[in-house]
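Step one of this worksheet: look at the structure below.
The values are calculated or read from the model by the stated rules, or taken from the named source; none is laboratory data. Given the structure is predicted, the values throughout are model-derived calculations rather than measurements. Backbone-built Cβ (ideal geometry, glycine too); neighbour counts: all protein chains shown. Heavy atoms of the whole protein, side chains included, go into the accessibility calculation; ligands, DNA and RNA do not. Shrake-Rupley method; radii C 1.70, N 1.55, O 1.52, S 1.80 Å.
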Amino acid sequence: MVDRNKIEEAVRLLLEGIGEDVNREGLRETPDRVARMYEEIFRGMDDDAAVHLSKTFAVDSNEIVVEKDITFYSTCEHHLMPFYGKAHIAYLPDGRVVGLSKLARTVEVYARRLQIQEQMTTQIAEAVMAYLKPQGVMVMVEAEHMCMAMRGVSKPGSRTVTMAARGCFRENPALQRYFFEMLRRGSV
Ligand code: ZN
């Protein structure tokens, strides 16, 4: 659980640090607002992918499942700035599938905390492997980083793409190609 008082105190210090007057009207409620916002955008820390991915259903045939364009918002742990975009997940079941919303929930678990994109991608793949136990999984994440767009090299619109493959997706290039083909196709 976040400690709202500590966050409020820190935000006041931060505002003073950049030379602001913490008592001016527009900023008076800001520490409280930021604390409540952080509670929301970091609530993945109190959530557990195991809970979402353990509600599985038996299937007769193991056909590939692709859930694409899962919108997420996360926070870069190097700059405390947002990065956001889409996650795409494919898995080949091993007798069991999970409700589609649970894949989106899993993305939320790992997006709503301080992150680096590469690590988030790996964590999603590993959670699906560990709790859903499919034959394999592949995760692709495309995101724009505000710390790249607003500062440093200042390249708005550039996207960072990360990927993680586990199980049969790691071993079988044909499955990977199938995944990319599914992503290229428009909405069905
Ligand atoms: Zn950053």
Name every residue in the range 41-60 that is of a type outside the set (A, V, I, L, M, F, W, C) and free of Cβ contacts under 8 Å to residues at least 40 places away in the same chain, in order of residue number.
-> 60
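Is it the case that the range 9-30 has a residue that's more than 16 Å from the ligand (Cβ to nearest atom), touching a residue at least 24 places away in the same chain (Cβ under 8 Å) and open to solvent by 70 Å² or more (accessible area, probe 1.4 Å)? Quick ask: steps written out before the conclusion?
Here is the first cut: in the range 9-30, the ones more than 16 Å from the ligand (Cβ to nearest atom) are 9-30.
Narrowing further to those that are touching a residue at least 24 places away in the same chain (Cβ under 8 Å): 11.
From what is left, the residues that are open to solvent by 70 Å² or more (accessible area, probe 1.4 Å) are none.
No, that holds for no residue.
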Odd one out for residue 156, checked against (1) at pLDDT below 95; (2) farther than 21 Å from residue 117 by Cβ = (2)
Identify the single condition in (1) open to solvent by less than 70 Å² (accessible area, probe 1.4 Å); (2) over 21 Å from residue 123 (Cβ atoms) that residue 3 does not satisfy, given that it satisfies every other one.
-> (1)
Filtered residue count, the range 89-103, keeping only those that are of a type in the set (Gly, Ala, Ser) and surrounded by 18 or more Cβ atoms within 10 Å (Cβ to Cβ) | 1
Residue by residue through the range 42-54, note down the ones that are in contact with a Phe, Trp or Tyr (Cβ under 8 Å, 6 or more places away or on another chain) and either among the small types (Gly, Ala, Ser) or surrounded by fewer than 16 Cβ atoms within 10 Å (Cβ to Cβ) (or both).
-> 44, 49, 50, 54
In the range 1-90, which helices (runs of 4 or more DSSP H) lie fully inside it and hold 1 or more residues that are hydroxyl-bearing (Ser, Thr, Tyr) and modelled with pLDDT of 95 or more?
-> 30-41
Filter the range 70-87 down to residues that are over 10 Å from residue 115 (Cα atoms) and touching a Leu at 6+ places or on another chain (Cβ under 8 Å), then give me how many there are.
-> 1
Do we find that residue 119 is within 16 Å of the ligand (Cβ to nearest atom), assigned by TED's automatic domain parsing to the domain that holds residue 91 and open to solvent by less than 40 Å² (accessible area, probe 1.4 Å) in this structure?
-> no
Can you tell me which residues in the range 51-84 are closer than 13 Å to residue 124 by Cβ and either of a type outside the set (Val, Ile, Thr) or not assigned by TED's automatic domain parsing to the domain that holds residue 150 (or both)?
-> 52, 53, 67, 72, 74
